[in-house]
Amino acid sequence: MSEIVIRHAETKDVEAIRQIHAQPEVYRNTLQVPHPSDHMWQERLTDRPGIKQLVACIDDIVVGHLTIDVAQRPRRSHVADFGITVDSRFSGRGVGSALMSAMTEMCDNWLRVDRIELTVFVDNEPAVALYRKFDFEIEGTGKKYALRNGEYVDAYYMARMKG
């Protein structure tokens, strides 16, 4: 397999990112709804305070996307949360790990982030395992956290502290 390259997302990546998020295997494990619009993704990729967006590429094909959102409120400026997606055709190939590694390195060494938070559906075992690999711990469970396929699903609150 070719090398996984992580870089900052660019406007030219909008369609590739939209296509990844449009995959049923992907959006079922996020808070996205089916059929994401081009306009929505173009807006999401514009520069906004505290937002950093990374993509993972294999042979110049975008195969993963990660958004870091550093809190802008002064008393929470040491905290970030993030969202990550991997093209379902490339799952299990290290794309998620490469994005997580780049994200944690960026938070630890460049963004003054001491706490990284996330929510993940309790039945998304591969994602939970990935987060545990990067020292995230389950801090609690949100009952009926979100609607998915007509049913409410629980989610874990997970976090990782620096050092």
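Where a number appears in this text, it was derived from the coordinates with a stated rule and is not lab data. Bear in mind that the values here come from a model prediction, so they are computed numbers and not experimental data. Positions of Cβ are generated from backbone atoms using ideal geometry, with glycine treated the same way; all protein chains shown enter the neighbour counts.
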For the chain, with +1 on Lys and Arg beta carbons and -1 on Asp and Glu, the positive-most of 134, 71, 109 along the dipole: 71
Candidates per trypsin sites (Lys or Arg not before Pro) in region 50-150, loop by DSSP, up to 15 other Cβ within 10 Å: 112
Student exercise, region 62-106 dipole from Lys, Arg, Asp, Glu Cβ charges, in Debye to nearest 20: 120
Pair residue 115, residue 97: separation of 7 Å Cα→Cβ label points (nm): 2.9
Lysine pair number, Cα distance threshold 30 Å (strictly under), the chain, separation 8 or more or different chains: 10
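Give the residue list of GluC sites (Glu not before Pro) in region 1-105 that are DSSP loop and have at most 16 other beta-carbon atoms within 10 angstrom.
3, 10
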Unit charges on C-beta of K, R, D, E only; dipole of the chain, Debye: 480
Loop-located trypsin sites (Lys or Arg not before Pro) in region 1-49, at most 16 other Cβ atoms within 10 Å (DSSP): 28
Shape of region 4-161, Cα gyration tensor, a/c cut at 1.5: rounded
